[in-house]
1. Considering amide H positions built from the backbone, and no H for Pro or chain starts, which residues 5 or more places from LYS73, or on another chain, come under 5 Å of its amide H?
2. Which whole-Hz ³J(HN,Hα) couplings does segment 100-114 yield from phi under the Karplus relation 6.51 cos²θ - 1.76 cosθ + 1.60, θ = phi - 60°, glycine and proline marked x?
3. Taking H placed 1.01 Å from N in the peptide plane, check which residues at least 5 places from ARG156 or on another chain put their amide H under 5 Å from its amide H.
4. Could you state the per residue volume, in Å³, of the convex hull enclosing the Cα atoms of segment 127-167?
5. What do you get for chymotrypsin sites (Phe, Trp or Tyr not before Pro) in segment 55-161 restricted to DSSP loop and a cutoff of at most 15 other Cβ within 10 Å of the site's Cβ?
6. Using the Karplus equation 6.51 cos²θ - 1.76 cosθ + 1.60 (θ = phi - 60°), what ³J(HN,Hα) coupling, rounded to whole Hz, does each residue of segment 179-193 give in order, writing x for Gly and Pro?
7. Full extension from ASP186 to SER65: what is 0.36 nm times the residue separation minus their Cα-Cα distance, to one decimal in nm?
8. What Kirkwood hydrodynamic radius, in Å, does segment 69-194 give when the mean of 1/r is taken over all pairs of distinct Cα atoms and then inverted?
Amino acid sequence: MTDYEYMRKLIFSIMLLVATVSVYYGCDSKKEQVKKVVVHDTIYHDTLVVTVPKLMFYNEKWVRSQFEKTDYKLWENYKDGYKIEYPSFMCRTDLKNPDERKIELEFHGITMSCRAYDDKYDMTVREKFEAVGLSAVTTSLADSSFTLAGGCGENRLYFEKDILLRPRTWMYLRVEFPSELTWAVDPLLHYVKDFQP
């Protein structure tokens, strides 16, 4: 075998190897991508849980299934006379500073808060809506309530419902979540939208 033939076969072998590797990694990259959010130290993928340092891989289907199949707990604001339900897997984050008129909950970067408060001024629903809804992207106004939605930080969204309970007394129910989990938290957003005290 001449040096020329040997070099030709070597170059052909290298080209074949490069083509094979490219095809392998090209096919591998078409697999379902899992979204990464740096907030926690657990990887959730369907029902498999694996611990890794300071990373969390969200699977939208898994998060959505948690909201769809959970039991709900009841919290009551006795002073203002209303109750809310919240998913039993959400943890309370307001226990260090308890207040009978508010509740704050969290689940892997998804937060839900409810609070009643007294306003200094007697405002109609429209006046309050115009005062607080300036930064909202999406809004809706009803007789005794209004809803707001928009951005609240880097890659985060919020959905909120404000309700006039009685003159000068308001309450709000608000959900904040990573934008990539919008579909996953949809059941919680519908609860907020349909909520009536």
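Every read-out reported here was derived from the displayed coordinates using simple, explicitly stated rules and does not represent laboratory data. This one's a predicted model, so the numbers in the text were calculated from it and none came from an experiment. Methodologically, a virtual Cβ is constructed for each residue, glycine included, from the backbone with ideal geometry; neighbour enumeration extends over all protein chains shown.
1. Hits under the 5 Å cutoff: TYR86, SER88.
2. 5, 9, 8, 9, 10, 10, 8, 8, 6, x, 9, 10, 9, 9, 9
3. Sorted by chain and number, the residues that satisfy this are SER179.
4. Per-residue hull volume (Cα only) is 67 Å³.
5. TYR78, PHE89, TYR121
6. Each residue's phi maps through the Karplus curve to give 4, 6, 9, 4, 5, 5, 9, 3, x, 5, 5, 5, 4, 4, 4 Hz.
7. Full extension from ASP186 to SER65 adds 42.5 nm.
8. 15.2 Å
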